[in-house]
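Participant: This is the structure I have questions about; it appears just below.
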Amino acid sequence: MGAAHVKRSLDSATPFTQPLQDWIIEHAWGTTWQDDSVLPRKYRSLITIGFLIAQKSPNELKGHIRGAINNGASVVEIREVLMHSLPYCGAPATQEAFRAAIEVLNDMDIDINK
């Protein structure tokens, strides 16, 4: 997700949310993402997108779509994960994921109509 995202997360943490933020940094962004020997970050990003579609977590999905692009995933690969989620997660979850992806990719000035 990048150093800028981590900094924003730390800067926006409150005394109430700081324990949660510390855990996320250490575990979700730390150890989980550090070993590229079997699954490179690009693939971890694509897998995470699938998990977030299933959880119907559009805000987190947006961040991980951005992260997937930064980790080398293509728009076509991201679209394929979204399509692959359709029979497993259902049309509403997949449609929501497409809306999130369109928003993020447009914000990143990435042409999705190629």
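The values are calculated or read from the model by the stated rules, or taken from the named source; none is laboratory data. Everything numeric here is computed off the predicted structure, so don't read it as measured data. We place every Cβ from the backbone using ideal geometry, glycine too, and count neighbours over all the protein chains shown.
Participant: Out of Val38, Val81, which single residue is of a type outside the set (Asp, Glu) and within 13 Å of the chain's Cα centre (by Cα)?
Facilitator: Exactly one of Val38, Val81 is of a type outside the set (Asp, Glu) and within 13 Å of the chain's Cα centre (by Cα), namely Val81.
Participant: Still on this structure, please answer the following. For a quick check of your reading: which helices (runs of 4 or more DSSP H) sit entirely within region 1-56 and have at least 1 residues that are acidic (Asp, Glu)?
Facilitator: Per the criteria, 3-12, 18-23.
Participant: If you go through region 1-42, how many residues are of a type outside the set (Gly, Ala, Ser), over 20 Å from Ala73 (Cα atoms), surrounded by 13 or more Cβ atoms within 10 Å (Cβ to Cβ) and at pLDDT 80 or above?
Facilitator: 3
Participant: Can you name the residue in region 64-78 that is without any contact (Cβ under 8 Å) to a residue 40 or more places away in the chain and surrounded by 15 or more Cβ atoms within 10 Å (Cβ to Cβ) and is also nearest to Asp109 (Cα to Cα) among such residues?
Facilitator: Val75
Participant: Just to check your reading of the model, which residue among Leu61, Leu105, Leu82 is farther than 16 Å from Thr48 by Cβ and either surrounded by 14 or more Cβ atoms within 10 Å (Cβ to Cβ) or assigned by TED's automatic domain parsing to the domain that holds Ala28 (or both)?
Facilitator: Leu105
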